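Worksheet: one structure, shown below.
The values are calculated or read from the model by the stated rules, or taken from the named source; none is laboratory data. Because the structure is a prediction, the values reported are computed rather than measured. Every residue, glycine as well, gets a Cβ built from its backbone with ideal geometry; the counts of neighbours run over all protein chains shown.
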Amino acid sequence: MNVILLGPPGSGKGTIARLIQDNLGIRHISTGDLLRKEILEGTRLGKQIEPVLASGKLVDNHVVAKVLSKAIIGAKNGFVLDGFPRNSEQARILEKILRETKQKIDLVLELKVNDNAIVQRLSSRRQCEKCHRVYGLNAPPKKSGVCNDDEGKLFQRKDDTPIVIRDRLEIYRKETAPLLKHFSEKTSVEKIDAGKSITEVYKEAAKKISGLGGS
Ligand code: AP5
């Protein structure tokens, strides 16, 4: 089962994808996490892309595609894509990778939530630098500043400031949201009210995945 989560920054893509991975065994692939890993490890690519992520702009399509295709090839039991594709060029790149690996997208889940909730959620988000687990007001860590799973240090993303959040929302509306029409002509696209609690949103997503034969 291959699923794409499409939704604005802060709609909960990473949170829900992680729950799908933990409960349904479908691999969570986040291009944002893969790119931030390069930055945290201080690789050449990481140094090159760090200012792009901090500004909220998109990294070059072919750079992201390279990082992504390795992850897709490694996901033998299907994947939940979080953060890719983000524009029509990336949708074409994804379709090429899927053709080459003889796979298809079974379901696109659109997470819908209003802008005020997004700004509030992102301003208080913290993330584990080791395992990328996300925390927030509604999902705090047991011990402040420390990850529940591996005791990794929690950090605040540089792009989680109100001005950069507005820019990211603008990019989402202009470049990513139009992909919903593109996918609706090719596969099943379902909407979810992501303004509800994390548990309710996850249950809804899991129901839609199970409805298509996912575990
Ligand atoms: P990326 O990491 O993909 O960020 P994003 O798409 O902006 O999405 P976010 O991670 O901000 O939000 P989310 O929807 O995952 O929400 P989350 O679950 O964390 O990309 C970052 C940057 O990397 C881009 O700007 C770009 O520079 C680069 N990049 C990445 N992919 C790229 C690509 N394909 N091409 C080019 N560049 C790329 O939740 C947010 C908060 O809300 C958390 O605190 C959480 O606890 C809380 N929360 C979640 N759900 C709920 C709920 N239902 N109720 C209450 N709180 C909730």
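For the reader, a short list of remarks on this structure follows.
- Taken over region 58-104, the residue count meeting the criterion of being over 21 Å from residue 134 (Cβ atoms), crowded, with 17+ Cβ neighbours inside 10 Å, among the aliphatic types (A, V, I, L, M) and more than 10 Å from the ligand (Cβ to nearest atom) is 2.
- Selection count, region 144-196, where residues are in contact (Cβ under 8 Å) with a residue 60 or more places away in the chain, of a type in the set (Ser, Thr, Tyr) and part of a loop (DSSP other than H, G, I, E, B): 1
- Residues of region 7-24 satisfying the condition of being more than 11 Å from the ligand (Cβ to nearest atom) and touching a strand residue (DSSP E or B) at 6+ places or on another chain (Cβ under 8 Å): 20, 21
So that you can scan it fast, the table gives a plain yes or no per residue for (1) within 19 Å of residue 39 (Cβ to Cβ); (2) in contact with a Pro (Cβ under 9 Å, 6 or more places away or on another chain); (3) surrounded by 14 or more Cβ atoms within 10 Å (Cβ to Cβ):
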| position | (1), (2), (3) |
| --- | --- |
| 125 | yes, no, yes |
| 134 | yes, no, yes |
| 152 | yes, no, yes |
| 168 | yes, yes, yes |
| 173 | no, yes, no |
| 178 | no, no, no |
| 181 | no, no, no |
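- Against the list (1) surrounded by 20 or more Cβ atoms within 10 Å (Cβ to Cβ); (2) aliphatic (A, V, I, L, M); (3) under 20 Å from residue 20 (Cα atoms); (4) within 12 Å of the ligand (Cβ to nearest atom), the condition residue 107 fails is (4).
- In region 157-185, residue modelled with the lowest pLDDT [restricted to those that are within 10 Å of the ligand (Cβ to nearest atom) and farther than 10 Å from residue 56 by Cα]: 157
- Of all residues in region 156-215, those satisfying the criterion of being over 23 Å from residue 134 (Cα atoms) and polar (S, T, N, Q) are 184, 187, 188, 210, 215.
- Residue match in region 90-100 (condition: under 15 Å from residue 5 (Cα atoms) and touching a residue at least 40 places away in the same chain (Cβ under 8 Å)): yes
- If the condition is being under 27 Å from residue 163 (Cβ atoms) and assigned to a loop (DSSP other than H, G, I, E, B), then region 45-97 contributes 56, 57, 58, 59, 60, 83, 84, 85, 86, 87.
- Tabulated pairs, region 27-46, first of a type in the set (D, E, K, R) and at pLDDT 95 or above, second in a strand (DSSP E or B) and away from the ligand (no atom under 13 Å from the Cβ), C-beta under 6 angstrom, 6+ apart or interchain: 27/79
- Residues satisfying the stated conditions in region 116-143, i.e. near the ligand (Cβ under 7 Å from one of its atoms) and part of a helix (DSSP H, G or I): 121, 122
- The listed residue being more than 14 Å from the chain's Cα centre (by Cα), crowded, with 17+ Cβ neighbours inside 10 Å and more than 8 Å from the ligand (Cβ to nearest atom), out of 39, 4, 29: 39
- Scanning region 101-114 for residues that are more than 18 Å from residue 34 (Cβ to Cβ) and free of Cβ contacts under 8 Å to residues at least 40 places away in the same chain gives a single hit, 102.
- The set of residues in region 180-195 that are among the hydrophobic types (A, V, I, L, M, F, W, C) and closer than 26 Å to residue 120 by Cα comprises 180, 192, 194.
- Cβ-Cβ contacts under 6 Å between residues 6 or more apart (or on different chains), taken from a first residue in region 54-66 that is over 11 Å from residue 86 (Cα atoms) to a second residue that is near the ligand (Cβ under 6 Å from one of its atoms) and not in a loop (DSSP other than H, G, I, E, B), are listed as 56/168.
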